Amino acid sequence: MHLGTEGFQEHARQALKDEPLQNALHLLTNEFVPRRVAAMQALGDPEALRTQARAVKEQAVAQLDTYLEQFADNLDKLGAHVHWAHDDAEARDIITSIAQQAEAKVIVKGKSMAAEEIHLNPHLEELGYEVLETDLGEYIIQLAEETPSHIIAPAIHKTRQQIASLLHDKLGDPYTEELTDMTQIARRALRQQFLRADVGITGVNFAIADTGSIVLVTNEGNGRLSSTLPRVHIALMGMEKIIPRLDDLPVMLKVLTNSATGQKISSYVTMITGPRRAHDLDGPEELHVVVMDNGRSNILGSENREALYCLRCGACLNVCPIYQNIGGHAYGWVYPGPIGAVLTPLFTGLDTAKHLPRASTLCGACREACPVKINIPHMLLNLRRQSVSRGGAPAGEAPLFSLWAWVMRHPGLYRLGLKLARLGQMPFARRGWLGKLPPPFHSWTKSRDFKAVAPQSFRDRWQTTLQYEQPSRNGAGGGHHE
């Protein structure tokens, strides 16, 4: 169900009319946002931690080749297999080859945005493999034949009633809206699949260069079951997931889990260092780590390289007024929200995703929420500028800005324009706000009010202030000198 980025505006309009979606999205503002704020405040000095986490990512990305080489060397010493994938097709081919060598029939998957990025499930299913998502949210949308609408909460766009109907229709269990019962239904369906699976596929939250370890951060046991029960474990990671040292992990975990779900730490933090050894009680016989580029090298060499610092926590989605109203599917690709409005054009091309950088109020809430202080508004402006330079601006935008620039160079015209605006707004202004503007400005006030032009301009107020203060200054200058 990848809608495509070209139709973003129509997708957004449809999302605004979708009442169940609007009800489901209230969870963001009612749950995720206040929980994250409280959790970050509880850290003591969250700004210092965010600064430290950013420094870790800056160092990792600045010396990416060095740390990836160190990571690969350590994995090789541990007996794991490292594969390098230039693009999505090569990543799919590598994973398919591993599954073929393992003579796999059933594949279980932990949550992985990188796997969504390369459309891994449809590819494997076309080849005849039985592929089962084991994260509860991912399992729900797999049953619904949809894609994730949120980075950490894939099924957040669905209401409880919709999920209850889905489980009843697809699994044949009695209809129930009790959360505990619904969870048990999914658990029973999934548990046997772990025992049948030949291959388990997971993502990677962090890859530690100096130990060769991969780290999985989950709130369900499916991550550990997917990586330990099957004979072969495949971990798919974007190459930017690297961090230099094991000592860097505690701060990265703190900012990730607190930003993502408002927890001090996720229920399961799993560190995997190589395949099963002779004395281990469990674990895969083979561990394959697929390190994927898929356009990341291009981002690395661009002015938007800090997009590679992203931890995929979803915090910027939760606070974004655009995402809060339209959800994730409207963005048309794997990564939604503010960071998706940056990543999607960088991955898929600005020409096809030119509307996404404009899907922002530039309020800065995303930057304030980001655990590694990514300057998303700045990157959105970079992409807007690039789009305009390619002729991607709306037809009427350039003349309007040219007119504005010309007026701003002529103070007399500017003052005249303000006076005319005050007169023109009189039929529409109510208590300092314009609730409805006429064409061509009517779209602005469809869902929000516009601040009315003030009765007195700043320039006039400043002149009045100077006239008021001047006598007192002169008076003060004469009578108090000794």
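The values are calculated or read from the model by the stated rules, or taken from the named source; none is laboratory data. In this text the structure is predicted, and so the values were computed from the model without any measurement. So basically every Cβ, Gly included, is an ideal-geometry build from the backbone, and we count neighbours across all protein chains shown.
Structure notes:
- Restricting the range 62-90 to residues that are among the aliphatic types (A, V, I, L, M) and touching an Asp or Glu at 6+ places or on another chain (Cβ under 9 Å), the residue that is nearest to Asn294 (Cα to Cα): Ala85
- You will find that of Leu195, Leu216, the residue that is in a strand (DSSP E or B) and either among the polar types (S, T, N, Q) or more than 30 Å from Asn23 (Cβ to Cβ) (or both) is Leu216 and no other.
- Test for Ala48: is it free of Cβ contacts under 8 Å to residues at least 12 places away in the same chain and closer than 19 Å to Asp247 by Cβ: yes
- The range 360-376, subset under 14 Å from the mean Cα position of the chain (by Cα) and within 18 Å of Ser387 (Cβ to Cβ), residue surrounded by the fewest Cβ atoms within 10 Å (Cβ to Cβ): Ser360
- Among helices (runs of 4 or more DSSP H) entirely within the range 1-117, having at least 2 residues that are of a type in the set (D, E, K, R) singles out 8-17, 33-41, 46-62, 64-78, 88-101, 113-117.
- Taking the criterion of being within 25 Å of Asn304 (Cα to Cα) and either more than 19 Å from the chain's Cα centre (by Cα) or assigned to a helix (DSSP H, G or I) (or both), the residues of the range 219-244 that qualify are Met239, Glu240, Lys241, Ile243, Pro244.
- Test for Ile156: is it surrounded by 17 or more Cβ atoms within 10 Å (Cβ to Cβ) and either part of a loop (DSSP other than H, G, I, E, B) or in contact with a Cys (Cβ under 9 Å, 6 or more places away or on another chain) (or both): yes
- Neighbours by Cβ (under 7 Å, 6+ apart or cross-chain): first from the range 408-434, more than 16 Å from Arg448 (Cα to Cα); second of a type in the set (Ser, Thr, Tyr) and surrounded by 11 or more Cβ atoms within 10 Å (Cβ to Cβ): Met408/Tyr414; Leu418/Ser457
- On the stretch given as the range 198-213, residues that are assigned to a loop (DSSP other than H, G, I, E, B) and over 17 Å from Leu120 (Cβ atoms) total 5.
- Within the range 292-350, tally of residues that are without any contact (Cβ under 8 Å) to a residue 24 or more places away in the chain and within 12 Å of the chain's Cα centre (by Cα): 1
Let's see how each residue does on (1) of a type in the set (A, V, I, L, M, F, W, C); (2) modelled with pLDDT under 95; (3) under 24 Å from Ile299 (Cβ atoms):
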position	(1), (2), (3)
Lys77	no, no, no
Ser97	no, no, no
Gln100	no, no, no
Val108	yes, no, no
Glu116	no, no, yes
Leu120	yes, no, yes
Glu125	no, no, no
Gly137	no, yes, no
Ile152	yes, yes, yes
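- If the condition is being in a helix (DSSP H, G or I) and closer than 30 Å to Lys354 by Cα, then the range 409-452 contributes His442, Ser443, Trp444, Thr445, Lys446.
- Of all residues in the range 85-97, those that are surrounded by 15 or more Cβ atoms within 10 Å (Cβ to Cβ) and either farther than 12 Å from Ile201 by Cβ or hydrophobic (A, V, I, L, M, F, W, C) (or both) total 6.
- Output for the range 380-428, where each listed residue is among the polar types (S, T, N, Q) and exposed (fewer than 12 other Cβ atoms within 10 Å of the Cβ): Ser389, Ser402
- Residue count for the range 186-218, restricted to those that are touching a residue at least 12 places away in the same chain (Cβ under 8 Å), farther than 23 Å from Asp247 by Cα and surrounded by fewer than 21 Cβ atoms within 10 Å (Cβ to Cβ): 8
- Qualifying position, being assigned by TED's automatic domain parsing to the domain that holds Glu116, touching a residue at least 12 places away in the same chain (Cβ under 8 Å), among the polar types (S, T, N, Q) and loosely packed, with under 13 Cβ neighbours inside 10 Å, among Gln9, Gln14, Gln41: Gln9
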